[in-house]
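*Asks:* Dropping the structure in here first, questions after.
The values are calculated or read from the model by the stated rules, or taken from the named source; none is laboratory data. Please read all numbers here as calculations on a predicted model, not as lab measurements. Quick reminder, even Gly has a Cβ in these numbers, built from the backbone with ideal geometry, and neighbours come from all protein chains shown.
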Amino acid sequence: MTEIPQQSDSDLIISYLGGAESALTILINRHLRAVYNFVYRLTYNKENTEDIVQETFFKVWKNLKKFRVGENFKTWLFTIARNSTIDFLRKKKEYVFSDFENTEGGNHLADSLTDPEPLPDALVEQLEKTKMLEELLSKLSLLYREVLMLRYNEDLTFEEISKVLGKPLDTVKSQHRRALIELRKLIVPQNV
C-alpha cells in the first residue's frame, strides 16, 4: 500500500480555487483544532470559541481568493482568528486589552520588576501540557496569552507573530518577555 503525499496548504488552496471543493475541507480539518485551541485560550468560553472559530473559517472561505500563494497560510489564518476574537470581545466588552500598556507599547508595571530574566523555554514547554498552565495562562492578560500561545503552541516565529498581531517585531519580543515575567510571578510568588 503506497502512501499519498500530504498536500501543502498552498497546493490545497490552488486546488480549491481550481474547483476541487474537497480541498477546502481538508484545509479546514487540518487547522481546525489549532485554531479552536488558540481562540479558546484567549476567551476561555466554549460557546464564544465556537462562534469565533466558525466566523474565522467563514472569513477564510470568503477571502481565500485574496490569499497570496507562497505566503505562510498558518500566519494568515491565525491573523484572521486573532482579529475575529478581538472583534468579538470588543463587541462583548468583556476585556480591556491594554490595562498597563502605553502608546509606545511600554508597560510601567513590567518595567519596574526587579528580575527581568525570562522564564526558560524548557519550563514553559514542561508546564504546557498540564492543567496548571491552563490556569496560569487564564490569569494573564489577553495581550500576553496570545503571544505565548502563538509562540509555544503554534510554533510561530517572532516575525510570524509580528505579522499576526500587526505589531512591530521589537514590540512582540518585548511582550513575550513581559509575558514570561508575569508567568514566572504566577509560578513562583514573591515572598514579601
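*Asks:* Filter segment 33-80 down to the residues that are closer than 21 Å to Ala179 by Cβ and of a type in the set (D, E, K, R) and list them by number.
*Replies:* Arg41, Lys74
*Asks:* In segment 38-54, what count of residues is obtained for those that are surrounded by fewer than 18 Cβ atoms within 10 Å (Cβ to Cβ) and either over 20 Å from Lys92 (Cα atoms) or without any contact (Cβ under 8 Å) to a residue 60 or more places away in the chain (or both)? Step through it out loud before you land on a result.
*Replies:* Narrowing segment 38-54 to residues surrounded by fewer than 18 Cβ atoms within 10 Å (Cβ to Cβ): 44-47, 50-51, 54.
Imposing the further condition that a residue be either over 20 Å from Lys92 (Cα atoms) or without any contact (Cβ under 8 Å) to a residue 60 or more places away in the chain (or both) reduces the set to 45-47, 50-51, 54.
Residues that pass the stated criteria total 6.
*Asks:* Turning to a different aspect of this structure: Let me spell it out: the conditions are (1) at pLDDT below 85; (2) surrounded by 12 or more Cβ atoms within 10 Å (Cβ to Cβ); (3) not assigned by TED's automatic domain parsing to the domain that holds Asp170; (4) not basic (Lys, Arg), and Leu119 meets all of them except one. Which number is the exception?
*Replies:* Here Leu119 clears every test but (3).
*Asks:* Is it true that some residue in segment 157-175 is surrounded by fewer than 17 Cβ atoms within 10 Å (Cβ to Cβ), without any contact (Cβ under 8 Å) to a residue 12 or more places away in the chain, on the phi > 0 side of the Ramachandran plot and not assigned by TED's automatic domain parsing to the domain that holds Arg33?
*Replies:* Looking through segment 157-175, none of the residues is surrounded by fewer than 17 Cβ atoms within 10 Å (Cβ to Cβ), without any contact (Cβ under 8 Å) to a residue 12 or more places away in the chain, on the phi > 0 side of the Ramachandran plot and not assigned by TED's automatic domain parsing to the domain that holds Arg33.
*Asks:* Looking at (1) within 21 Å of the chain's Cα centre (by Cα); (2) over 18 Å from Arg90 (Cβ atoms), can you tell me which one Glu21 breaks?
*Replies:* (1)
*Asks:* Among the listed residues Glu146, Glu182, identify the single one that is within 14 Å of Arg82 (Cβ to Cβ) and in contact (Cβ under 8 Å) with a residue 60 or more places away in the chain.
*Replies:* Details: Glu182 fails: within 14 Å of Arg82 (Cβ to Cβ).
Criteria check complete, one pass: Glu146.
*Asks:* Could you check how many residues of segment 124-170 are more than 23 Å from Phe88 (Cβ to Cβ), at pLDDT 90 or above and either in contact with a Gly (Cβ under 7 Å, 6 or more places away or on another chain) or not in a helix (DSSP H, G or I) (or both)?
*Replies:* Residues flagged as more than 23 Å from Phe88 (Cβ to Cβ), at pLDDT 90 or above and either in contact with a Gly (Cβ under 7 Å, 6 or more places away or on another chain) or not in a helix (DSSP H, G or I) (or both) within segment 124-170 amount to 2.
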